Amino acid sequence: MLKKGLLGQLTQTLCCLPGVGPKTAQRMSFHLLQRDRKGAKILANTLIEALDKIGHCQICRTLTEQDVCQICADKAKDSAVVCIVESPADAWIIDQATIFNGHYFVLHGRLSPLDGIGPDELGLDVLEQRMATGGIKELILATNSTVEGEATAYFIGELARKHQVQASRIAHGVPMGGELEFIDSGTLAHAFNGRKNL
């Protein structure tokens, strides 16, 4: 792989994208420079503009161009029901895939003491203030099903109990259309433990 000059720098820079290794980054570099220079300029300009204009919503902390995002500004949404997610991408996916009519709170990560990520880094002090003032009646914990995600959900659940706020965890387990023989044991155990009455 080329390592010197602007071409090498471009290739190395593209490696910062998730799932993009050196070979893919090199292919992208050559494609943009050989076949789509106009597209490359549009991409560069859009990226610069997005970095300048997109910040965080003052209420839910998702990405937005305004001080308050469209969901938080929507009066038809129930601000007393809040779905807790790890990233803006998670909120976007839930909003696209469900008929959830509440608000979100984006953590921008999950508790990880070894990495120096505690409650304050996730904005849990802000969330707790909202619970303390009675602005939140229900929390839906939609953190990922990882050790850190589960620990984060548990911690937030304890905060909710402290403020008499109802808290629930999204179900994890066997996917729709999934066959048991192809499900890993951890997922299957989680599905069994989270079973519900019919």
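The values are calculated or read from the model by the stated rules, or taken from the named source; none is laboratory data. On a predicted model such as this, the values are computed, not experimentally measured, just so you know. Note that we place each Cβ from the backbone using ideal geometry, even for glycine, and neighbour counts take in every protein chain shown.
Which pairs do you get when a residue that is assigned by TED's automatic domain parsing to the domain that holds CYS83, found in segment 100-124, comes within reach of a residue that is crowded, with 22+ Cβ neighbours inside 10 Å and hydroxyl-bearing (Ser, Thr, Tyr), reach meaning Cβ atoms under 8 angstrom, with the pair 6+ apart or on two chains?
That search, which allows pairs on different chains as well, returns TYR104/THR62; VAL106/THR62; LEU107/THR143; LEU107/THR152; ARG110/THR143; ARG110/THR152; LEU111/THR152; LEU122/THR152.
Provide a single number: the residues in segment 102-117 that are over 10 Å from the mean Cα position of the chain (by Cα) and at positive phi.
The total comes to 1.
Got a number for residues in segment 152-186 being surrounded by fewer than 16 Cβ atoms within 10 Å (Cβ to Cβ) and either of a type in the set (Ser, Thr, Tyr) or part of a helix (DSSP H, G or I) (or both)?
Residues meeting the conditions: 10.
Looking at segment 56-93, which of its residues are under 17 Å from GLU121 (Cα atoms) and polar (S, T, N, Q)?
GLN58, THR62, SER87
Out of LEU51, LEU33, LEU47, LEU43, I need the residue that is touching a residue at least 12 places away in the same chain (Cβ under 8 Å) and either of a type in the set (A, V, I, L, M) or more than 30 Å from GLY5 (Cα to Cα) (or both). Which one?
Exactly one of LEU51, LEU33, LEU47, LEU43 is touching a residue at least 12 places away in the same chain (Cβ under 8 Å) and either of a type in the set (A, V, I, L, M) or more than 30 Å from GLY5 (Cα to Cα) (or both), namely LEU33.
Pairs, please: C-beta under 9 Å, at least 6 apart or cross-chain, first residue of a type in the set (Lys, Arg) and in segment 5-24, second not in a helix (DSSP H, G or I)?
Final answer for the pair search is LYS23/MET1.
Would you check which residues across segment 132-156 are out of contact with any Cys (no Cβ under 8 Å at 6 or more places or on another chain) and β-branched (Val, Ile, Thr) and list them?
THR133, ILE136, THR143, THR146, VAL147, THR152, ILE156
Would you mention how many residues in segment 43-84 are of a type in the set (A, V, I, L, M), part of a helix (DSSP H, G or I) and exposed (fewer than 11 other Cβ atoms within 10 Å of the Cβ)?
3
Name the residues in segment 69-81 that are in contact with a helix residue (DSSP H, G or I) (Cβ under 8 Å, 6 or more places away or on another chain) and of a type outside the set (S, T, N, Q), would you?
ILE71, LYS77
Out of LEU159, LEU124, LEU180, LEU139, report the one residue that is in contact with a Leu (Cβ under 9 Å, 6 or more places away or on another chain) and over 20 Å from CYS83 (Cβ atoms).
Of LEU159, LEU124, LEU180, LEU139, the one residue that is in contact with a Leu (Cβ under 9 Å, 6 or more places away or on another chain) and over 20 Å from CYS83 (Cβ atoms) is LEU180.
Any idea which of ILE93, ILE136, ILE99 is surrounded by 12 or more Cβ atoms within 10 Å (Cβ to Cβ), on the phi < 0 side of the Ramachandran plot, hydrophobic (A, V, I, L, M, F, W, C) and not in a helix (DSSP H, G or I)?
ILE136
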